[in-house]
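Q: Just passing along the structure, written as C-alpha cells.
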Amino acid sequence: MTEDVSFRRKPLSPEQRQARDAVRRIEAEKAMRDHEEAQKAFYANRERLRAERLAREAAAAKD
C-alpha cells in the first residue's frame, strides 16, 4: 500500500512560524477585547433594566 502524501503539511520555517504565532496572538487579543466589550455592554444593559424594573415596582407600590 502506498501512503497518500497529499495530506502532509510542509514544515514551517522559523520565520513562518513566528508570523503565524504573531497573527494568532493578535487575533486572540482582539477576540478577548471583543468579548470583554460585549460583557460590559451586557451588564450595563442588565443594570439599566434592573433599575427600570425597580422604579416601576416602586411606582406601582405607591399607587
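The values are calculated or read from the model by the stated rules, or taken from the named source; none is laboratory data. The structure displayed is predicted, hence computed values, not measured ones. Areas reflect the complete protein model, heavy atoms only, side chains present, ligands, DNA and RNA absent. Shrake-Rupley method; radii C 1.70, N 1.55, O 1.52, S 1.80 Å.
Q: Which members of region 8-28 meet the condition of being under 18 Å from the mean Cα position of the chain (by Cα), open to solvent by less than 90 Å² (accessible area, probe 1.4 Å) and not small (Gly, Ala, Ser)?
A: VAL23
Q: Based on this model, can you work out whether GLU52 counts as acidic (Asp, Glu) and open to solvent by 90 Å² or more (accessible area, probe 1.4 Å)?
A: No; evaluated as a whole, the condition is false for this residue.
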